[in-house]
Amino acid sequence: MIYKDVTEAFESLYKKIDSLPENPGKTKAVYNECFTIKDTSKLVVKTPERKFKTSYAEQEWIWYVSGNRNAEDIAKCAKIWYDHMDENGNVNSNYGWQWWRNDQYRYVVEELQRNRYSRRAVITIYDGKEWEEYQKDTPCTLAIQFYFKTDPRILHMSVIMRSNDLWFGFCNDAYCFIKLHQSMCEDLNAIQGEYTHFAQNLHLYPRHYGKNI
């Protein structure tokens, strides 16, 4: 499916998921959902009922860029982070901490500078080899790949999720992923292209059923 922007994607997918019966996992969900967002100049979901907080999303982005996996400060803005902290206040879902690990971000930039059409420009987040570290916090994102198609000026991005809550997760993640896409384009002197999002499980929790979308 192709959507013009994140708002159209959110609203269409909300209606699709909310129309479904609840599953045994006590969510409504679609599986292996893949879609592309054409206009990546718009980061914010504008749906009135969603009441997207750009100020929070920007704080989350700044926290990611810092690479500091300690969540004590961001938890003051979104209490859910308290549930994911270890005894030191750290989490695995600071995506910046993940993309700076072993210089993955720099590797992607240098790989695409070396070969504009490389298929290796991938940042990995969730790692099954680290399952023992996921007792408190399991990253929802599997990987982010950057690539050029036929035009060496236009950089595209694909995000692969193992699990994605549409109401909060997708909206905040899309904001930060698009910012990451922008950053990569700046480093590669490229134009920002399409954003393709794949979620193996894209879902709504009961408190978000039946909204006026």
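Observations on the model:
- Antiparallel bridge percentage (DSSP; both residues within the range 86-200; nearest 5): 60 percent
- Across the cross-link table entries Lys149/Lys211; Lys38/Lys211; Lys79/Lys149; Lys16/Lys76, which are compared at the Cα atoms, the separations over 30 Å belong to Lys149/Lys211; Lys79/Lys149; Lys16/Lys76.
- Here the Gaussian network model covers the chain, with springs between Cα atoms less than 10 Å apart; of Ala29, Ala57, Ala78, Ala78 fluctuates the most.
- In the range 86-144, Cα pairs under 8 Å separated by at least six residues give a relative contact order of 38 percent.
- Normalising the average separation of contacting C-alpha pairs (under 8 angstrom, six or more residues apart) by the number of residues puts the relative contact order of the range 19-129 at 16 percent.
- Toward the positive end of the charge dipole of the range 54-182, with +1 on the Cβ of Lys and Arg and -1 on the Cβ of Asp and Glu, the farthest Cα among Asn92, Val108, Ala71 is that of Val108.
- ³J(HN,Hα), Karplus 6.51/-1.76/1.60, whole Hz, each residue of the range 145-161, x for Gly, Pro: 10, 10, 6, 9, 8, 9, 9, x, 9, 10, 9, 9, 9, 10, 10, 10, 10
- Counting only DSSP beta bridges with both residues in the chain, the antiparallel share comes to about 65 percent.
- Of the residues Asp73, Asp137, Asp187, the one with the largest accessible area comes first in the ranking Asp73, Asp187, Asp137, computed with a 1.4 Å probe on protein heavy atoms.
- Asn201 long-range amide H proximity, modeled H, under 5 Å: Asn32, Ser163, Asn164
- Built amide H within the under 5 Å cut-off of Leu142, gap 5+: Tyr126, Ile160, Met161, Arg162
- In this structure, Ser118 and Glu58 have a Cβ-Cβ separation that, at R0 = 25 Å, corresponds to a calculated FRET efficiency of about 0.20.
- Within the listed set Glu111, Glu130, Glu186, the residue fluctuating most in the Gaussian network model of the chain (springs between alpha-carbon atoms under 10 angstrom) is Glu130.
- Calculated [222 nm] ellipticity per residue, helices only, for the chain: -9000 deg cm²/dmol; basis is -39500 (n - 2.57) per DSSP H run with n ≥ 4, divided by all residues, nearest 500.
The values are calculated or read from the model by the stated rules, or taken from the named source; none is laboratory data. Every value quoted in this text rests on a predicted model; they were computed, and no experiment measured them. Counting neighbours? That spans all protein chains shown, and the Cβs are built from the backbone with ideal geometry, glycine included. Ligands, DNA and RNA are excluded from the accessible area calculation, which covers all protein heavy atoms including side chains. Shrake-Rupley method; radii C 1.70, N 1.55, O 1.52, S 1.80 Å.
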